[in-house]
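As structure tokens, the structure follows; a few thoughts come after it.
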Amino acid sequence: MSESGSETVVADEVDLDASVAMPVTLPHVLSALSVGATAFLMVTCEFLPVGLLPGIAADLQITHGQAGLTVTIAGIMAAIGAPVVSVMAGTADRKKVLMFLSALLAISSLITALAWSFPIVLLGRVLVGFTIGGFWTVGVGIGPRLIPEPTGTRGTAIVFGGISLGTIAGVPVGTFVGDNMGWRWAFFAAAGLSLILLVAQMKLLPKLLVRQSTKWSDLPELLRIPNARLGLLLSIFTFGGHFFAYTYISPFLGSYTGMEMQSINALLLLYGVSGFFGNMIGSWGAGRNVRYSLVATSLIIAASVLMLTNWGSNSQAATAIVAIWGLGFGALPIITQTWMLRAAPEAVERGAALLVSSVEIAVAAGSLAGGSVIDNLGLVSTMAIGGLAVLAAAPLILIFRSTAHIK
């Protein structure tokens, strides 16, 4: 679908309770898939260093904890980029915003691939973080609008399906490329794919206009909504605890479990496959009761991470546990996004901006703190603390009864 011949979607608000009579057509699905494919690449680029930490550390002669800063700095910049892009984009066509972000992703990946020192690597990661934050605000926010249906979960599920696919194919394949060709080639590939997706967005996306722009003063207004505040707090515990541990899963499996790199790649692939099914289960659960779905998801993630501290030295046990971990985390993004959609359905993009900022702050803080723990206390302590942080989310959901109407 070319830009000149495409329909116009007014991307401003979504009423999750309204019945939608418009039939779903192939152009609707293709437009959502183009955003889902971009989500696939974004999550791949953000967490690509997770599988490449050993190679990056060896090449640049730094510790695993220092190499973890490649995830931390991206998370910090994504937290900044989310509200900045939301405000600075104004009423601009969201299609053009997405295309700009894809171009910036290509540039940032190329800088990382060509970097001759660790500071230059971090510069590339600064740019990729800003790009990712902007995408999550715009891309996730338009998901419910690309496919017309009452619950708003179908389009969102396609976008978050891209996240799961990024976990399935992106990170493990990137790790495979890095292990066989060098970590830089993984970022070269990311740059090339960014340009391909830019062309796909140009051809497939309709115009995505907005009725009103987001102002800086609009963002704090969401914090007056109790369920929105609780949703942001829960995202900090769940995502922060997860990435406290997951950022260092490759060193853990290599040093503590005793796996070879080939086996680690295969296990990361299994983690991703589980995450794909977790995304589908999460979409189903969020459409029925998002509150209890989030409780179940946080318990699954926490239990999996904590079990690694006891049975992670056994490769067979570690394999089963990591697969369960992937199932739980695969459901988490769509459940938290649906939570915010239900808490503030009249402010989808603003809600996405605050959610992304909270999640990325949690990612940055979790990976940074995890790096400090792994360098000073060891791998097992990193897993234990991360699991306990995620575990704290479950009682918070049950204690605060103000969430009773979110279902």
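The values are calculated or read from the model by the stated rules, or taken from the named source; none is laboratory data. Keep in mind it's a predicted model, so treat the numbers as computed, not measured. Using ideal geometry, Cβ is built from the backbone for each residue, glycine included, and neighbour counts are taken over all protein chains shown.
Which of the residues spanning segment 268-323 are buried (at least 17 other Cβ atoms within 10 Å of the Cβ) and not in a helix (DSSP H, G or I)?
Answer for segment 268-323, where residues must be buried (at least 17 other Cβ atoms within 10 Å of the Cβ) and not in a helix (DSSP H, G or I): G287, G312.
Are any of the residues in segment 3-26 assigned to a helix (DSSP H, G or I) and either modelled with pLDDT of 80 or more or over 27 Å from F276 (Cα atoms) (or both)?
Looking only at segment 3-26, we keep the residues that are assigned to a helix (DSSP H, G or I), and these are 26.
Restricting the remaining residues to those that are either modelled with pLDDT of 80 or more or over 27 Å from F276 (Cα atoms) (or both) gives none.
Taking every residue of segment 3-26 in turn, none turns out to be assigned to a helix (DSSP H, G or I) and either modelled with pLDDT of 80 or more or over 27 Å from F276 (Cα atoms) (or both).
Condition first: in contact (Cβ under 8 Å) with a residue 12 or more places away in the chain, in contact with a Pro (Cβ under 8 Å, 6 or more places away or on another chain) and not hydroxyl-bearing (S, T, Y). Can you find one or more residues in segment 280-288 that meet it? Give the derivation first.
Step one: filter segment 280-288 for residues in contact (Cβ under 8 Å) with a residue 12 or more places away in the chain, giving 280-283, 285-288.
Filter again for in contact with a Pro (Cβ under 8 Å, 6 or more places away or on another chain), leaving 282.
Then keep just the ones that are not hydroxyl-bearing (S, T, Y); that gives 282.
Yes, because at least one residue in segment 280-288 is in contact (Cβ under 8 Å) with a residue 12 or more places away in the chain, in contact with a Pro (Cβ under 8 Å, 6 or more places away or on another chain) and not hydroxyl-bearing (S, T, Y).
Quick one: is S86 buried (at least 21 other Cβ atoms within 10 Å of the Cβ) and either of a type in the set (S, T, Y) or farther than 24 Å from L354 by Cα (or both)? Break it down into steps so the answer makes sense when it comes.
Working: buried (at least 21 other Cβ atoms within 10 Å of the Cβ): yes; either of a type in the set (S, T, Y) or farther than 24 Å from L354 by Cα (or both): yes.
So S86 passes the test.
Checking the structure you have, find out if any residue of segment 298-307 is modelled with pLDDT under 85 and in contact with a helix residue (DSSP H, G or I) (Cβ under 7 Å, 6 or more places away or on another chain).
Applying the first criterion (modelled with pLDDT under 85) to segment 298-307 yields none.
No: zero hits.
Does A362 fit the bill of being surrounded by fewer than 24 Cβ atoms within 10 Å (Cβ to Cβ) and touching a residue at least 12 places away in the same chain (Cβ under 8 Å)? Steps first, answer last, please.
Values: surrounded by fewer than 24 Cβ atoms within 10 Å (Cβ to Cβ): no; touching a residue at least 12 places away in the same chain (Cβ under 8 Å): yes.
Considered against the rule, which asks whether it is surrounded by fewer than 24 Cβ atoms within 10 Å (Cβ to Cβ) and touching a residue at least 12 places away in the same chain (Cβ under 8 Å), A362 comes out as no.
State which residue pairs qualify: first residue over 28 Å from A365 (Cα atoms) and assigned to a helix (DSSP H, G or I) and inside segment 76-100, second residue modelled with pLDDT under 85 and of a type in the set (D, E, K, R) in any location, beta carbons under 8 Å apart, and separation of 6 or more residues or different chains.
The qualifying pairs are K95/E3; K95/K207.
Among the residues of segment 366-392, what is the count of those that are modelled with pLDDT of 85 or more, small (G, A, S) and part of a helix (DSSP H, G or I)?
Going through segment 366-392 one residue at a time, the tally reaches 8.
Among G231, G240, G275, G282, which is the only one that is within 22 Å of D375 (Cβ to Cβ) and not β-branched (V, I, T)? Working first, answer last.
Details: G231 fails: within 22 Å of D375 (Cβ to Cβ); G275 fails: within 22 Å of D375 (Cβ to Cβ); G282 fails: within 22 Å of D375 (Cβ to Cβ).
On inspection, the qualifying residue turns out to be G240.
Which condition breaks for L165 when tested against (1) crowded, with 21+ Cβ neighbours inside 10 Å; (2) more than 21 Å from L327 (Cα to Cα); (3) at pLDDT 70 or above; (4) not charged (D, E, K, R)?
(2)
Between G68, G55, G133, G129, which is in contact (Cβ under 8 Å) with a residue 24 or more places away in the chain, closer than 20 Å to F176 by Cα and surrounded by 24 or more Cβ atoms within 10 Å (Cβ to Cβ)? Break it down into steps so the answer makes sense when it comes.
Values: G55 fails: surrounded by 24 or more Cβ atoms within 10 Å (Cβ to Cβ); G133 fails: closer than 20 Å to F176 by Cα; G129 fails: closer than 20 Å to F176 by Cα.
On inspection, the qualifying residue turns out to be G68.
Just checking, does segment 147-158 include any residue being part of a helix (DSSP H, G or I), over 24 Å from L104 (Cα atoms), of a type in the set (D, E) and at pLDDT below 70?
Within segment 147-158, the subset part of a helix (DSSP H, G or I) is 153-158.
From the residues that got through so far, the ones that are over 24 Å from L104 (Cα atoms) too are 153-155, 157.
Next cut, of a type in the set (D, E) only: none.
For segment 147-158, residues part of a helix (DSSP H, G or I), over 24 Å from L104 (Cα atoms), of a type in the set (D, E) and at pLDDT below 70: absent.
Could we say that G326 is surrounded by 24 or more Cβ atoms within 10 Å (Cβ to Cβ), at pLDDT 85 or above and either charged (D, E, K, R) or in contact with a Phe, Trp or Tyr (Cβ under 6 Å, 6 or more places away or on another chain) (or both) here? Full working, then the answer.
On the way: surrounded by 24 or more Cβ atoms within 10 Å (Cβ to Cβ): yes; at pLDDT 85 or above: yes; either charged (D, E, K, R) or in contact with a Phe, Trp or Tyr (Cβ under 6 Å, 6 or more places away or on another chain) (or both): yes.
Considered against the rule, which asks whether it is surrounded by 24 or more Cβ atoms within 10 Å (Cβ to Cβ), at pLDDT 85 or above and either charged (D, E, K, R) or in contact with a Phe, Trp or Tyr (Cβ under 6 Å, 6 or more places away or on another chain) (or both), G326 comes out as yes.
Could you identify the single residue in L98, L60, L110 that is over 25 Å from T156 (Cβ atoms) and modelled with pLDDT of 85 or more? Can you show your working first?
Numbers: L98 fails: over 25 Å from T156 (Cβ atoms); L60 fails: modelled with pLDDT of 85 or more.
After applying the criteria, what remains is L110.
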